[in-house]
Amino acid sequence: MTLFLQQVINGLAQGSIYALIGIGFALIFGVLGLVHFAHGEVYMIGAFLGFMLVSVFQLDIFSSLLLAMLGSALIGVVVEAIAFRPLRKAPDVAPMVCTLGLSVVLQNGAALLWGTDTKSIPDAIPNHIIPFLGAQISFQQVFIFTVTIILMLALQYVLHRSKIGRAIRATAQNKDAAALMGVNIDTVIAWTFAVGSALGGAAGVLVGVYYNAFYPMMGFMAGLKAFTATVLGGLTSVPGAVLGGLILGVAENLGAAYISSGYRDIFAFAILILVLLIKPSGLFGRGIQEKV
Amino acid sequence: MNRKIIVLVAMAMMAVFVSGCGSQNTASTSKEITIGLTAPLSGDNAEYGQSFKNAIDLAFEKANANGGVNGKKITLVANDSKADPKEAANIAQKFVSDSKVIGVIGDFTSTAALAGSPIYQKGGLVQLSPTSSHPDFTKQGTYMFRNIATQEQEGPLLADYGINNLHKKRIAVVYINNDWGIVAKDNFIKGVQKLGGEIVATEAYLPEQGKDFSAIITKIQQSNPDLLFIGSMYTDTALIAQQARKANFSVELIGTGSLYSEELIKLGGSAVEGLHLTCSFYPLDPRPEVQDFVKSYQVKYGKAPTMFAAQAYDAANLIIEALKAGATDRLSLRDKLSAVKNFPGVTGKTSFDENRNVDKALTKLIVKDGKFVPYNP
């Protein structure tokens, strides 16, 4: 029982990270209908920004987190301007391939800039262990949960209460209609990238602090898993991406514990296949409506 | 019509590309000796491949500064294998078909080295791996050399360290699931069982899986071991150690020579304090060749050499030794290299046996106060 509970806790911490990255995929897919393959790299850059702010500029973790989110948001906007905006009229495959290339450029750029070796920072958050029904929760895990929940509430607020949030949702529902109603689509898309990338950057900082490892390749697998979480949740649904991320994190850890740790990735992707077979639109998918 | 033009343009571009690759080779004159390097210069294992390149550059620069070997300068052609067996095979093909290249150093991982071996063997090109410790590597043909103790030597010694020196009984194992990790694990477990120890848990992880080890650690913790063997590289080991300590798991740790790096201590901090390992390279060794290497590496790159850098440095110097003995082409390089005896390398006296393996003396080390020191029971 303790093992089960412990793995669920570990899984939720990991799943929160997937959820934060996944939200970015969902938001961007929502407005553009495209997969942003360099999103994992935005997360990696967010992590490195956090690393720089904590280790070089000696800032505390909260200011570092906020500044890294700001930096990632800027990078997201730049990525959009480079890889998506010039290709707005091109066939869908062009911007997607462009982001694939961009992801390689960002990975190797980071390797040039920060070196290829894994970086670490001395504990940015104290690591107390809190006993919990026989299992243990570390303070860092609590920190990850708290930050994730706060960011999600903030996102819900922005999406449902602010003007730009309404514009993002309108664009996601119907780009042309939104444009006719006076919504500036380019601005909305840039904002969507900013919001999604800020959350990705936050995930990067959290992961860097949690595992104490920053390296240029960290975005690849995380991006893939988070994308899986998004598909699981229905591609465009923010709550879906969150739930998908948490399910994925827990499933991986339970699978590793009870079946075999060597095959942990299989559990994540097996769940994906199962969900897609039973409910192809994902858990919270809008359902696919082909235009006639 | 249009399609024909596109095909023509594509072919022209390919021709330019191919000849572009070719011109790189023709640039070297007969006054030069070209040695290839295949190592992960980017990707997950880039830090290890970079240390290879750094060390080999240093060795060749030293030789060239003294007028080269027999009046010829040595140039290094480095190719990035990303530790990917597919890339490693492509690079092998490239080196074999480039007549200027008379010997190749690499690869870093046993998996990548093994992928290249059949091609090097067919092309009659020396493949000297500084770090491939998989027992099967040199069995791939007559051109495969290694400059490292195999896991068949290291595994039992580590088992002896754990059971006879540290008096541990319940031993858990976590290893990286690749060719090297599997033999490291197998040989260690075999050694433990021979000495009467008990293996209470064995867990694998995939290299691509990211850096979350909490599931594995929680699982191992349940089996309550008194010693944890980590068959992995230093980065992952530092993270496993840290995540174990974060989970309140204070088991003693033991690992292979692959952990010998300042980075282990930098990344792992207090979590790797007391970690046990065996190693072929010890930078405080007073022998002049070791001190000279450590000093010049430190000056050139601003950091201390790792065990991987030391292995690669010796590999480069073994090639130089064979060249000095009169090797001029692929075949003679192999013959002269096989004949090297008692070469004073920074990782110990090196001689190749008839299977082109080396017998390295391994030292038992422990991390104490943030430093690697010899283990004194």
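Give all pairs with beta carbons closer than 7 Å in which a residue from segment B:259-282 that is on the phi > 0 side of the Ramachandran plot meets a residue that is outside any loop (DSSP other than H, G, I, E, B) and of a type outside the set (Val, Ile, Thr); count only pairs at least 6 apart in sequence or on separate chains.
Matching pairs, first to second residue: B:Gly274/B:Glu252.
Pick from B:Leu37, B:Leu125, B:Leu58: which is touching a residue at least 12 places away in the same chain (Cβ under 8 Å) and in contact with a Ser or Thr (Cβ under 8 Å, 6 or more places away or on another chain)?
Exactly one residue qualifies, and that residue is B:Leu58.
Can you tell me which of B:Val346, B:Val367 is modelled with pLDDT of 90 or more and outside the structural domain of B:Gly68 (by TED's automatic domain parsing)?
Numbers: B:Val346 fails: outside the structural domain of B:Gly68 (by TED's automatic domain parsing).
Being modelled with pLDDT of 90 or more and outside the structural domain of B:Gly68 (by TED's automatic domain parsing) holds for just one of B:Val346, B:Val367, which is B:Val367.
Within segment A:73-123, track down each residue that is small (Gly, Ala, Ser), away from every other protein chain (no Cβ under 14 Å), assigned to a helix (DSSP H, G or I) and surrounded by fewer than 20 Cβ atoms within 10 Å (Cβ to Cβ).
A:Ala81, A:Ala94, A:Gly101
Which of (1) modelled with pLDDT of 90 or more; (2) within 14 Å of chain B (Cβ to nearest Cβ); (3) surrounded by fewer than 20 Cβ atoms within 10 Å (Cβ to Cβ) does A:Ile129 not meet, given it meets every other one?
Answer for A:Ile129: the failing condition is (1).
Any residue at all in segment A:9-16 that's in contact with a strand residue (DSSP E or B) (Cβ under 6 Å, 6 or more places away or on another chain), within 14 Å of A:Gly245 (Cα to Cα) and either within 14 Å of chain B (Cβ to nearest Cβ) or surrounded by fewer than 24 Cβ atoms within 10 Å (Cβ to Cβ) (or both)?
yes
Out of B:Lys336, B:Lys295, B:Lys360, I need the residue that is assigned to a helix (DSSP H, G or I), crowded, with 19+ Cβ neighbours inside 10 Å and not polar (S, T, N, Q). Which one?
B:Lys336
Restricting to segment B:27-80, what's the tally of residues that are closer than 20 Å to B:Lys303 by Cβ and surrounded by fewer than 17 Cβ atoms within 10 Å (Cβ to Cβ)?
Summing the residues that are closer than 20 Å to B:Lys303 by Cβ and surrounded by fewer than 17 Cβ atoms within 10 Å (Cβ to Cβ) in segment B:27-80 gives 2.
Is it fair to say B:Lys219 is closer than 27 Å to B:Tyr297 by Cβ, at the interface with another protein chain (Cβ under 10 Å from one of its Cβ atoms) and not in a loop (DSSP other than H, G, I, E, B)?
no
Just to be sure before I move on: is B:Asp369 closer than 30 Å to B:Leu253 by Cα and surrounded by 21 or more Cβ atoms within 10 Å (Cβ to Cβ) in the structure I sent?
Considered against the rule, which asks whether it is closer than 30 Å to B:Leu253 by Cα and surrounded by 21 or more Cβ atoms within 10 Å (Cβ to Cβ), B:Asp369 comes out as no.
Please indicate, with yes or no, whether at least one residue in segment A:26-45 is farther than 15 Å from A:Val209 by Cα, within 14 Å of another protein chain (Cβ to nearest Cβ) and in contact with an Asp or Glu (Cβ under 7 Å, 6 or more places away or on another chain).
Among the residues of segment A:26-45, not one is farther than 15 Å from A:Val209 by Cα, within 14 Å of another protein chain (Cβ to nearest Cβ) and in contact with an Asp or Glu (Cβ under 7 Å, 6 or more places away or on another chain), which makes the answer no.
Just need a number here: residues in segment B:266-285 that are under 19 Å from the mean Cα position of the chain (by Cα) and within 11 Å of chain A (Cβ to nearest Cβ).
0
Check whether at least one residue in segment A:192-209 is within 11 Å of chain B (Cβ to nearest Cβ), surrounded by 24 or more Cβ atoms within 10 Å (Cβ to Cβ), touching a helix residue (DSSP H, G or I) at 6+ places or on another chain (Cβ under 9 Å) and at pLDDT below 90, and report yes or no. Can you show your working first?
So in segment A:192-209, the residues within 11 Å of chain B (Cβ to nearest Cβ) come out as A:207-208.
Filter again for surrounded by 24 or more Cβ atoms within 10 Å (Cβ to Cβ), leaving A:207-208.
Applying the additional criterion that residues be touching a helix residue (DSSP H, G or I) at 6+ places or on another chain (Cβ under 9 Å) yields A:207-208.
Those still in the list that are at pLDDT below 90 too: A:208.
Yes, segment A:192-209 has at least one match.
For segment A:231-256, which residues satisfy the criterion of being farther than 15 Å from B:Leu206 by Cα and within 14 Å of chain B (Cβ to nearest Cβ)?
A:Gly245, A:Leu248, A:Gly249, A:Val250, A:Ala251, A:Leu254
Of the residues B:Glu252, B:Glu289, which is more than 12 Å from chain A (Cβ to nearest Cβ) and closer than 25 Å to B:Gly191 by Cα? Write out each step before concluding.
Values: B:Glu289 fails: closer than 25 Å to B:Gly191 by Cα.
Testing whether each residue is more than 12 Å from chain A (Cβ to nearest Cβ) and closer than 25 Å to B:Gly191 by Cα leaves just B:Glu252.
Checking B:Ile171 against (1) modelled with pLDDT of 95 or more; (2) surrounded by fewer than 24 Cβ atoms within 10 Å (Cβ to Cβ), which test does it fail?
(2)
The values are calculated or read from the model by the stated rules, or taken from the named source; none is laboratory data. Computed from a predicted structure; not experimentally measured. Glycine gets a Cβ as well: all are built from the backbone with ideal geometry, and neighbour counts include every protein chain shown.
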